[in-house]
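Input: a single structure, listed below in structure tokens.
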Amino acid sequence: MPTSDPALIDQIARDMSAAPPAAGIGSLEGIARWYNEDVEQTLADIDVPIRLINSDYRPTNTRAGQALTASFEATLVSGVGHFLMQEDPARFNAIMAELLNR
């Protein structure tokens, strides 16, 4: 995100790149497999509300989530990138508190 703090970007990049490549590759393979094979059944089996806090930096397919489970709700946050909980922790925490208090 162009407005993200360069020092935070550097810190996240260092942290992410410090992990063994096999961990990153395995994570991506696992999420891709889950998304392509198991997501519908997984979401159908969840019996608690599903709440998403996501940046609007990239599109979020909220309709797909709502189609898979009635309890799906997304809160989209502007002005932050993928690591919104680190870029704007106060706003993230306020949204999280509000969701938990409901």
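Out of all the residues in the range 54-82, which are among the aromatic types (Phe, Trp, Tyr) and either more than 27 Å from residue 7 (Cα to Cα) or at pLDDT below 90 (or both)?
Once the filter is applied, which keeps residues that are among the aromatic types (Phe, Trp, Tyr) and either more than 27 Å from residue 7 (Cα to Cα) or at pLDDT below 90 (or both), the range 54-82 yields only 72.
Any residue in the range 62-87 that is closer than 27 Å to residue 13 by Cα sitting within a Cβ distance under 7 Å of a residue that is among the β-branched types (Val, Ile, Thr) and part of a loop (DSSP other than H, G, I, E, B)? List the pairs, counting only those 6 or more apart or interchain.
Short answer, once both residue conditions are applied: 74/60; 76/60; 79/3; 87/80.
Quick check, is residue 65 under 20 Å from residue 96 (Cα atoms), assigned to a helix (DSSP H, G or I) and out of contact with any Lys or Arg (no Cβ under 7 Å at 6 or more places or on another chain)?
yes
Taking the range 14-35 as the region of interest, how many residues are surrounded by 10 or more Cβ atoms within 10 Å (Cβ to Cβ), in a helix (DSSP H, G or I) and over 19 Å from the mean Cα position of the chain (by Cα)?
0
The values are calculated or read from the model by the stated rules, or taken from the named source; none is laboratory data. Predicted model only: the values in this text are computed from it and were never measured. Positions of Cβ are backbone-derived with ideal geometry, glycine not excepted, and every protein chain shown enters the neighbour counts.
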